[in-house]
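Presented below is the structure to which this report refers.
The values are calculated or read from the model by the stated rules, or taken from the named source; none is laboratory data. If you're wondering where the values come from, they're calculated on a predicted model, not measured in any experiment. Neighbour counts are summed over all protein chains in view; Cβ atoms, including those assigned to glycine, are modelled from backbone coordinates with ideal geometry. To get the accessible areas, we keep the full protein, side chains included, count just its heavy atoms, and leave off ligands, DNA and RNA. Shrake-Rupley method; radii C 1.70, N 1.55, O 1.52, S 1.80 Å.
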Amino acid sequence: MKISDGKAVQIDYTLRNDAGEMLDSSEGRQPLAYLHGAGNIIPGLEAALEGKGAGDALSVSIPPAQGYGERDDTMVMTVGLSQFPDPKQAQLGAQFGIQTDQGSHMATVTAVVGDQVTLDLNHPLAGETLHFDV
């Protein structure tokens, strides 16, 4: 069977950044399962897997535009600590879901200075070229 739209697919993978650091891997876990063509994985990886079959291996580099997008500095905001129901949530590196006028986002706390908290709504891998071994 060749991978094509509407097919259920399972892949084992390792994901690295430009520095060669491992960011994620299915090693020691179940393979990643997804429905091809449904937008369940990043577009660049889905395109690279199109037409591959069981047992095929590939190494592919995915540019930001085909991964999690370019970083957008307008997606970084500073809010008051009083905006948090529990100020303990506002710890450097903490991640949580928030709702804005533009929809739902995952926010990462990137700075806490006094009573001001900087939130980054970009995906943590935005702006990164992603290197997959599948």
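Are any residues in segment 77-96 in a strand (DSSP E or B), open to solvent by 60 Å² or more (accessible area, probe 1.4 Å) and either under 13 Å from GLN116 (Cβ atoms) or modelled with pLDDT under 90 (or both), and if so, which ones? Correct list: MET77, THR78. Of all residues in segment 1-40, those satisfying the criterion of being out of contact with any helix residue (DSSP H, G or I) (no Cβ under 8 Å at 6 or more places or on another chain), modelled with pLDDT of 95 or more and hydrophobic (A, V, I, L, M, F, W, C) are ALA8, LEU15, ALA19, MET22, LEU23, LEU32, ALA33, LEU35, ALA38.
Say whether the condition of being part of a strand (DSSP E or B) and either touching a Lys or Arg at 6+ places or on another chain (Cβ under 6 Å) or closer than 15 Å to ASP133 by Cα (or both) is met by at least one residue in segment 3-11. There is at least one residue in segment 3-11 that is part of a strand (DSSP E or B) and either touching a Lys or Arg at 6+ places or on another chain (Cβ under 6 Å) or closer than 15 Å to ASP133 by Cα (or both). Pairs meeting the criteria (first residue in segment 106-134 and modelled with pLDDT under 95, second residue of a type in the set (Lys, Arg) and buried (at least 19 other Cβ atoms within 10 Å of the Cβ), beta carbons under 7 Å, at least 6 apart or on different chains) are lacking. Look through segment 26-52, keep the residues that are of a type in the set (A, V, I, L, M, F, W, C) and not in a loop (DSSP other than H, G, I, E, B), and return whichever of them is surrounded by the fewest Cβ atoms within 10 Å (Cβ to Cβ). Residue satisfying both the conditions and the ranking: ALA33.
Scanning segment 8-25 for residues that are surrounded by fewer than 13 Cβ atoms within 10 Å (Cβ to Cβ) and closer than 17 Å to LEU49 by Cα turns up ALA8, GLN10. Scoring ALA19 on the criteria (1) over 22 Å from ALA126 (Cα atoms); (2) assigned to a loop (DSSP other than H, G, I, E, B); (3) among the small types (Gly, Ala, Ser) leaves a single failure, condition (1).
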